[in-house]
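One structure is given here, and the rest of the page talks about it.
The values are calculated or read from the model by the stated rules, or taken from the named source; none is laboratory data. Predicted, not measured: the structure shown is a model, and the values here were computed from it. Glycine gets a Cβ as well: all are built from the backbone with ideal geometry, and neighbour counts include every protein chain shown. Accessible surface areas use protein heavy atoms only, side chains included; no ligands, DNA or RNA. Shrake-Rupley method; radii C 1.70, N 1.55, O 1.52, S 1.80 Å.
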Amino acid sequence: MKNYILSIFVIILFQIPLFTQVKSIQHRFYNPSPEHIMVVSHRGDWRHSPENSQAAVQRCIDLGVDVVEIDVRLTKDGHLVAMHDLTVDRTTNGKGNLKNMTLAEVKKLRLKNSCGVKGSRHQVPTLEEIMTLAKGKILVNLDKTEGETVREAYEVLKKTGTIDHGIFKGNDPVTVMRQKYGNLMDSIIYMPKVWYDLPDIPGYIRDYNNDIKPLAFEMIFDSEDSKVFHAIKDLNKVKVTVLAIALWDELCAGHTDELAQIEGPDAAWGWLINNGANAIMTDNPEELLKYLIKRGLR
C-alpha cells in the first residue's frame, strides 16, 4: 500500500511542472501586459527542424516559446495532419494533393528540412500527435481550420484534453462564424484576424466583443498609418492580447524578422511592442526570446 501511494505521489509530482508551465502561459494570454511579450513561433521552429513537425514543436517547448503556430489540413480519410500547403510537394519527398491521400499514404512520406532537402526521418504528424506533445507545455495556434475543420479539430482537442491549449483563428465576421459553427464558438478559443483593408474595422471588432468576447486579436497592417493602430490602442485599454505578425512586410508595415537582422531588433520587434503588440509571431523564436529577455520583457 505504501509503495502504491508513493508511486501515485511521484506521478503527480512529475506532472506539476508541466501543468504549471501551461497554466502560466494561459494566465499571460488571458491577462496581457506590456511588461511581458508573448512569443508565437511560426510553423514551429522550422529553421532547426522541418516545418510543422513534432521536432519543430518540441524545439519551441525547449526554448520556452508561449505558442506554436501550425497548419492543419484534412486527409482523404478524414484525419487532420499538420501541413501548410494543399499539396505535399514542397515539404515532403512525395507529390500529390493532400485531400486525395489517406493518412497511411501520408505517413509513408518524409519531411524535407528547412532548405528543402530530402532525406529527413521526420513524418507528417497528425493533429492528435501535436496536441499530445503540446499538452501541459505550450499553446497551439491552429491555422487553416476556419474554412472547414473547426469541428474536427475541436474533437481532437477534446479527445486529447487540450481544448484550453488550442487557439482557432480566421477572417470571417462573427455572424458568419456563428452561422457555420453555432454554439461551438462558445467552447473554443477563437482569435479573429483584423486586416488593414476591412471596410469597418471598429464594427468588426465590436461585433466580436458583443458576442464571443475574444481573448486575442491578430492585427495585420501594411503601413505605419494604418487604421488598425486605432483599434490596437482600444484593445490595449481593455487588456486583450494583440498579436503582431513579423513575417513579411505587408503583415507588419515592414517591421519583420528580416529587418531585425538588418537594422537591429529595436527597429522591428521593438517597434511592434512600442505600438501596442503584446504578442509577436516570428520565424526566429530564439533570437526574439533573447531580445525580450535583454529588455526585461520576459
* By the gyration tensor of its Cα atoms, with a ≥ b ≥ c the square roots of the eigenvalues, what is the shape of the stretch 190-292: rounded for a/c under 1.5, prolate for a/b over b/c, or oblate? -> prolate
* To do: Please name whichever of 166, 33, 202 sits farthest to the positive end of the charge dipole of the chain, dipole taken about the Cα centre and charges placed at Cβ: Lys and Arg +1, Asp and Glu -1.
  => 166
* Net charge near residue 46, counting Lys/Arg +1 and Asp/Glu -1 over other residues with Cβ under 13 Å of its Cβ? -> -2
* To do: Please give the contour-minus-distance gain from residue 239 to residue 30: 0.36 nm per residue of separation, less the Cα-Cα distance, rounded to one decimal in nm.
  => 74.4 nm
* Asked: Using modelled amide H (1.01 Å from N, peptide plane; none on Pro or chain starts), what sits under 5 Å from the amide H of residue 166, excluding residues fewer than 5 places away?
  -> 140
* Rounded accessible area of residue 229 (nearest 10 Å², 1.4 Å probe) -> 20
* Each residue of the stretch 251-265 in turn: what ³J(HN,Hα) in whole Hz from Karplus with 6.51, -1.76, 1.60 and θ = phi - 60°, glycine and Pro shown as x? -> 8, 8, 6, x, 8, 9, 4, 4, 4, 4, 6, 8, 10, x, x
* By how many nm would the segment from residue 179 to residue 225 grow when fully extended, if each residue of separation counts as 0.36 nm and the alpha-carbon distance is taken off? -> 13.2 nm
* Asked: With every protein chain left in place, what is the accessible area of residue 187 in Å² (1.4 Å probe, nearest 10)?
  -> 50
* Within the stretch 45-80, what residues put their amide N at less than 14 Å from the label point 7 Å along the Cα-to-Cβ vector of residue 155? -> 74-80
* Express the carbon and sulfur contribution to the solvent-accessible surface of the chain as a percent, rounded to the nearest whole number, probe 1.4 angstrom. => 53
* Structure fact -> Counting only protein heavy atoms and leaving out ligands, DNA and RNA, the solvent-accessible surface of residue 23 at a 1.4 Å probe, in Å² to the nearest 10, equals 110
* In square nanometres and to one decimal, what's the mean projected area of the convex hull around the Cα atoms of the stretch 31-137? => 7.3
* If you count the DSSP beta bridges with both ends in the chain, what percent of them are antiparallel, to the nearest 5? -> 20
* Hey, of (1) 1.14; (2) 1.02; (3) 1.24, which did the structure itself give for Cα Rg over 2.2 N^0.38 Å when calculated? -> (2)
* Structure fact -> Per residue, accessible area of the stretch 29-98 with a 1.4 Å probe, heavy atoms of protein chains only, in Å², comes to 37
* Structure fact -> Between residue 223 and residues 5 or more places away or on another chain, the pairs with built amide H atoms under 5 Å apart involve 253
* In whole angstrom, how far apart do the alpha carbon centroids of the stretch 194-241 and the stretch 48-103 sit? -> 29
* Please name which of 109, 271, 246 has its Cα lying farthest along the dipole of the chain towards the positive end, using unit charges on Cβ (Lys, Arg +1; Asp, Glu -1) and the Cα centre as origin. => 109
* Asked: Rounded to the nearest 20 Debye, what is the dipole magnitude of the chain about its Cα centre when Lys and Arg each give +1 and Asp and Glu each give -1 at the C-beta?
  -> 1260
* To do: Scan around residue 101 for amide H atoms under 5 Å from its own, H built in the peptide plane at 1.01 Å from N, and keep only partners 5 or more places away or cross-chain.
  => 76
